Amino acid sequence: MATRGRRGRARPRGRGSSLAPGPDAVINRRRWDRASASYHRRCAAALGGRHAESWGLWRVPEARLRLLGPVRDRRVLELGCGAARWTESLARRGAQAIGLDQSARQLAHARPAPGRRRYGLLLANAEAIPLRDRTVDLVFCDWGAMTFADPARTVPEVSRVLRPGGRFVFATSNPIRWIAFDERIDGFGRTLRRAYFDVARLELPRAPIEFSRTYADWIALFRAHGLSVERLVETRPVVGARSRYVSARDQRWAERWPLESIWVLHRDAPRQAPGRARLTRPVRAGSRRGRSRPG
Ligand SMILES: C[S@@+](CC[C@H](N)C(=O)[O-])C[C@H]1O[C@@H](n2cnc3c(N)ncnc32)[C@H](O)[C@@H]1O
């Protein structure tokens, strides 16, 4: 049995995606391969150890935000895992964890240390996830593929692999961030520099291409693929907080306007076809349930 994939291509049902990655994904794979060594030199301390299960630019602990829900014995997929510190930590908590990344250089940092709890690693593009339909309980990422791949391609893929009721949590850029980005100062200013309605694709010289959406467009995309919003966190650093990813000037900006969003969604149960909907059984006249009470 085959289902029609996007762009009309047939794919075998339940075998994982056979979609070709978009052109930007190919550019980003090269850019992440090239940036990998310096990224890990700069960020290893912020990503591992006690920060392994922490969110975003200010490494807010999952233990405080509690966005993922239970993970023990759940099948969990990290999209754009890099060195897979999150994946590794969730595996230690009993999850059947898989880290996916399309950059071989990034994944080279992710090999499990000898004697550590094992987890799966997939060299693959989040726009074409090589897992079967409805086989994952939780998909998440922390400034991973949901920032650097086209949501028009990743959101349908996440929806496809999630089981009904499954959760999807991701931290990424807030759309406000990009409308205030000023290339002349390489940071965030107080004037609007870009149209809010033009935040879908953002490319700066040599940096990986980023993707975003207006709030209305995110929600429309989620709803179109059976995903409901449970919660939206806009992280606000406390005055004086330090981040390895944010300069002191941008930190002051972020104390007043949102730099990042963390979306928490769940996969709706598929709607039953109207003809197959279970109707309440009619009550036959004369049966015990249907008998009218004596007046
Ligand atoms: C900022 S790093 C974040 C990784 C991890 N969360 C961390 O903090 O180390 C972004 C990661 O997303 C990966 N990535 C970007 N686009 C991707 C795509 N289309 N499919 C899979 N991975 C992708 C990159 O290769 C990179 O490893």
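Values in this text are rule-based calculations from the coordinates and carry no lab data. Given the structure is predicted, the values throughout are model-derived calculations rather than measurements. Reconstructed Cβ throughout: ideal geometry from the backbone, glycine too, with neighbour counts over all protein chains shown.
Overview of values
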item: Count of residues meeting criterion [within 23 Å of R160 (Cβ to Cβ) and either in contact with a Cys (Cβ under 9 Å, 6 or more places away or on another chain) or not in a strand (DSSP E or B) (or both)] in segment 195-230; result: 13
item: Qualifying residues in segment 108-151 (those that are hydroxyl-bearing (S, T, Y) and touching a residue at least 40 places away in the same chain (Cβ under 8 Å)) - the one surrounded by the most Cβ atoms within 10 Å (Cβ to Cβ); result: T147
item: Test set (1) among the small types (G, A, S); (2) within 9 Å of the ligand (Cβ to nearest atom); (3) touching a residue at least 60 places away in the same chain (Cβ under 8 Å); (4) surrounded by 19 or more Cβ atoms within 10 Å (Cβ to Cβ) - A84 fails condition number; result: (3)
item: Residue list for segment 178-215, filter: out of contact with any helix residue (DSSP H, G or I) (no Cβ under 9 Å at 6 or more places or on another chain) and within 16 Å of the ligand (Cβ to nearest atom); result: L204
item: Looking only at segment 105-121, and only at residues there that are within 9 Å of the ligand (Cβ to nearest atom) and under 23 Å from A20 (Cβ atoms), the one that is farthest from the chain's Cα centre (by Cα); result: R105
item: Search result, residues across segment 132-148 that are within 22 Å of D24 (Cβ to Cβ) and more than 10 Å from the ligand (Cβ to nearest atom); result: V139
